[in-house]
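Working notes, structure below.
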Amino acid sequence: MRWLIDYIQSYLSSNQTPGAAGNWFWATVYVLLVFVGLSIAVIAMNWLERKILAHMQVRLGPMRVGPHGLLQPIADALKLLLKEDIIPAEADKVVFWVAPFIVVLAAFTVFVVVPFGPTHAITDMNIGILFMLGVSSLSVLGIVTAGWASNSHYPLIGALRSSAQMVSYEVAMGLAVVSVIVMTSLNAEGTGTLSMIGIVQAQQAQHTWFVFKFFPLGLIGFFIFAVAMVAETNRAPFDLPEAESELTAGFHTEYSGFRWSLFFLAEYSAMIAVSSIAVTLWLGGWLRPFPNALSGPTWDLVFSLFPGLAFLFLGAMCFYNTARMPKHPLFKIQTIGLGTFGAVLAMIGLVLFVPPVRERVGDIFWFSAKVAAFMYLYIWYRGTFPRYRFDQLMKVGWKILLPTGLVLLILTAGAGFLEDPVKEWLKHVL
Amino acid sequence: MIVGGIVVITSKNAVHSAMALISALLAQSGIYLMLYAPFVAGVQIILYAGGIMVLFLFVIMLISIERTAKERQFNKQWLVGIAAAAALGGLFIAVYTKGKSLFPEGRVTYGEGQNIQDVAALLYDQHQGMYMFSFEIASLLLLVAIIGAVVMAKKRI
């Protein structure tokens, strides 16, 4: 018994990720935490997407189940689990059964290397970003097999579109990523890194987020990635594989019930995964904003109060809406429910002000906040952009993003090579 | 990996074969991981499992599955095939039993955390980079393949 407690506690004093420390217990705990957190994020994302889209289109969105439709995702999940699970008679049973699992596995496995903080990651791999791109590219296999196994026209066309799209945008995406890896090697030793934690530490060491590095080169790379990642996750305006006006629902037309919900889960966690790649590579991962302009212990303190303040703000929003609830007796339960929810959020906010907690969650908060901004962008795109035509999509991928990425890579390497000589020369001249 | 390989050649359905091939390739990348070569493992996943197999499936799906499933799958070269397989198997057994005397003692272990940097040093380093030339030759080969594909696809350039 004693050795078990020692084993568990031995990790707490080490300053590593559980994977690097080789501690099975904490690795399992982290895996479970990430899994639960991801599931909650997907549920929240479901609600937020419907609500925000509705408000963008001057509608109310879900309002009936729970106060402001807060319990709608739970009701939806229950409905999906209880729905009859249909396998089409002419479908290829085994492949039909395997396909959703490939997609979900690919979408969840990438979170092994996502760095929520310098020590808050399941593990830190030497091949971090390569692993993420590789495993997330496996999800296209699931989509293709799902479309084929359904043995029906719409899913097959959807699957062919999606495989063509994902394979072609992967190229531009890879070039943008390589330009960042070139940037990481600009240190005294001249060694770059592919590790996710290493990339963020390189940004810390160079005192800049890579999106601002060699302005505007970093920004262009970020833009290429931001376009390619929307195409990779098959979201609007690149949602041709599931264009409902042409293909009903694309590759998952024949799926229903639990299997369909697996596709749903995979789509949203893949969105979170690519957003966290973008945050890690260009937006400084877990680093807080303005580390140079607003530095010093006072600003550190101010920024460490942000997580608590964010939750307090959410709680205050809940209270505001509780006060605005109709006073009719039928709304009594909903009013109490919303008030309780607000109270819980405010309590979480207060807990986050306690100094030991504050120090440990700061990095997770900034990472999640940046990812959340990307999630909002996804919803925003869906609410505003019209869908591309397929030939336009291919044109953008191969004729615009790919050449830009190639030129960008060469320019970035050149800029990295010339940075020091030019500085020297400037010093000499001035 | 072996199970995957067996399913590849025994399955009548081309898509099932392709999926078994994917699992075999993934298992192979697992073997690379066990040999402390994470970079090769990652590249294996991206290139073979992610890229090439998608194109495989893409092509297979455009063929009529019903017609191919009915065709006879075994060709007339089974005698040569068995001979080749027996030779390869004999080689494996010989390596397994006499491997200690055939190969230099001891296994080179690389640090897991430095794999990519080691690969890069072998390729490009000024002092120990000895594979630069072969790397360039390999990329030239790929360039020839790309140009060949373009020439074949386009009637008039």
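The values are calculated or read from the model by the stated rules, or taken from the named source; none is laboratory data. Just so it is clear, the structure is predicted and the values come from calculations on it, not from any experiment. Neighbour counts are summed over all protein chains in view; Cβ atoms, including those assigned to glycine, are modelled from backbone coordinates with ideal geometry.
If the condition is being buried (at least 23 other Cβ atoms within 10 Å of the Cβ) and within 9 Å of chain B (Cβ to nearest Cβ), then the range A:111-126 contributes only A:125.
In the range A:214-243, which residue that is free of Cβ contacts under 8 Å to residues at least 12 places away in the same chain and part of a helix (DSSP H, G or I) is surrounded by the most Cβ atoms within 10 Å (Cβ to Cβ)? Quick ask: steps written out before the conclusion?
Our first condition is that a residue be free of Cβ contacts under 8 Å to residues at least 12 places away in the same chain; within the range A:214-243, this holds for A:215-216, A:219, A:223.
Now drop any that are not part of a helix (DSSP H, G or I), which leaves A:219, A:223.
On the way: A:219: 15, A:223: 17.
For the range A:214-243, the residue satisfying everything is A:223.
Residue pairs whose Cβ atoms lie under 6 Å apart, separated by 6 or more positions or on different chains, with the first residue in the range A:89-116 and in a loop (DSSP other than H, G, I, E, B) and the second surrounded by fewer than 19 Cβ atoms within 10 Å (Cβ to Cβ) and among the β-branched types (Val, Ile, Thr), are A:116/A:364.
Among the residues of the range A:75-97, those that are more than 25 Å from residue A:46 (Cβ to Cβ) and within 14 Å of chain B (Cβ to nearest Cβ) comprise A:90, A:91, A:92, A:93, A:94, A:95.
Which one of the conditions (1) touching a residue at least 12 places away in the same chain (Cβ under 8 Å); (2) farther than 30 Å from residue A:210 by Cβ; (3) not in a helix (DSSP H, G or I) does residue A:326 fail to meet, given that it meets all the rest? All conditions pass for residue A:326, except number (1).
Every listed requirement among (1) under 29 Å from residue A:374 (Cα atoms); (2) without any contact (Cβ under 8 Å) to a residue 60 or more places away in the chain is met by residue A:42 save one, (2). Scan the range A:192-200 and tell me whether some residue there is hydrophobic (A, V, I, L, M, F, W, C), part of a helix (DSSP H, G or I) and facing chain B (nearest Cβ under 10 Å). No - not one qualifying residue is present in the range A:192-200.
One line per residue, one yes/no per condition, for (1) of a type outside the set (Lys, Arg); (2) within 21 Å of residue A:257 (Cα to Cα); (3) over 18 Å from the mean Cα position of the chain (by Cα):
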site	(1), (2), (3)
A:45	yes, yes, no
A:48	yes, no, no
A:54	yes, no, yes
A:63	yes, no, yes
A:74	yes, yes, yes
A:78	yes, yes, yes
A:82	yes, yes, yes
A:87	yes, yes, yes
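With A:404, A:412, A:335 as the choices, which residue is modelled with pLDDT of 85 or more, farther than 23 Å from residue A:305 by Cβ, touching a Ser or Thr at 6+ places or on another chain (Cβ under 9 Å) and not assigned by TED's automatic domain parsing to the domain that holds residue A:64? I'd like the intermediate steps shown before the answer.
Details: A:404 fails: touching a Ser or Thr at 6+ places or on another chain (Cβ under 9 Å); A:335 fails: modelled with pLDDT of 85 or more.
That would be A:412, the only listed residue that is modelled with pLDDT of 85 or more, farther than 23 Å from residue A:305 by Cβ, touching a Ser or Thr at 6+ places or on another chain (Cβ under 9 Å) and not assigned by TED's automatic domain parsing to the domain that holds residue A:64.
Among the numbered conditions (1) at pLDDT 80 or above; (2) more than 29 Å from residue B:23 (Cα to Cα), the only one that residue B:94 does not meet is (2). Residues of the range A:162-175 that are within 11 Å of chain B (Cβ to nearest Cβ) and not polar (S, T, N, Q): A:164, A:166, A:167, A:170, A:171, A:174. So residue A:151 ticks every box in (1) over 30 Å from residue A:293 (Cβ atoms); (2) free of Cβ contacts under 8 Å to residues at least 12 places away in the same chain but one. Which box is left unticked? Unmet for residue A:151, out of (1) over 30 Å from residue A:293 (Cβ atoms); (2) free of Cβ contacts under 8 Å to residues at least 12 places away in the same chain: (2). Before we move on, is residue A:129 among the β-branched types (Val, Ile, Thr), assigned by TED's automatic domain parsing to the domain that holds residue A:279, part of a helix (DSSP H, G or I) and over 22 Å from the mean Cα position of the chain (by Cα)? So residue A:129 fails the test.
Residues in the range A:134-154 that are more than 10 Å from chain B (Cβ to nearest Cβ), part of a helix (DSSP H, G or I) and closer than 14 Å to residue B:15 by Cβ: A:142, A:146.
Listed here are the residues, each with its yes/no results for (1) at the interface with chain A (Cβ under 10 Å from one of its Cβ atoms); (2) farther than 21 Å from residue A:136 by Cα; (3) free of Cβ contacts under 8 Å to residues at least 24 places away in the same chain; (4) assigned to a helix (DSSP H, G or I).
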| position | (1), (2), (3), (4) |
| --- | --- |
| B:24 | no, no, yes, yes |
| B:32 | no, no, yes, yes |
| B:45 | yes, no, yes, yes |
| B:53 | yes, no, no, yes |
